[in-house]
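First up is the structure itself, then whatever we jot down about it.
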């Protein structure tokens, strides 16, 4: 078993050595075509690096030829100064926009809470009014003869091009449902915070 593993290691080392020898020989025996292909591959790699740099919005670095001339170097430095001033002002603007969005989000949240609270209050008022009406009808029915039926809890829903009309003795349930539906839609579609980076 040891001899097999030693033979395998020796064979692996021999393959590595032969590969290194062939690559060294290939480097010295490159033709003009091989050199051009290698240069094109290196240029493609630097083009991909430049594309990655542009994705993060940085300008290209100048060559030594450009920086060799003092007038050109001065213009380059001025342009870079203006570029970074532009980036800084853009950052300040985006910061102000985020601050405004935070403030407006808080105001909208408070308005939504006020609307939902008002809906819940009006629902409680309607529940109370319906409860008082049922109690009054029960007292009136007990005082009258048994031939007069008690008032049922009637609900009327009318939808037309002019609007929606809801008339119900249990209007509190409708108002409560609308308030909670509004709050749910706010939580699902308006309130979620999404990372933009």
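Condition check ((1) touching a helix residue (DSSP H, G or I) at 6+ places or on another chain (Cβ under 9 Å); (2) surrounded by 10 or more Cβ atoms within 10 Å (Cβ to Cβ); (3) under 28 Å from residue 184 (Cα atoms); (4) modelled with pLDDT of 85 or more) across all residues:
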residue	(1), (2), (3), (4)
104	no, yes, yes, yes
127	yes, yes, yes, no
138	no, yes, no, no
145	no, no, no, no
149	yes, no, no, no
156	no, no, yes, no
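What residue, among those in region 49-75 that are modelled with pLDDT of 70 or more and surrounded by 11 or more Cβ atoms within 10 Å (Cβ to Cβ), is farthest from residue 85 (Cα to Cα)? Residue satisfying both the conditions and the ranking: 69.
The values are calculated or read from the model by the stated rules, or taken from the named source; none is laboratory data. Fair warning: this is a prediction, and the values are worked out from it, not measured in the lab. Heads up, the Cβs are rebuilt from the backbone with ideal geometry, glycines too, and the neighbour counts pull from every protein chain shown.
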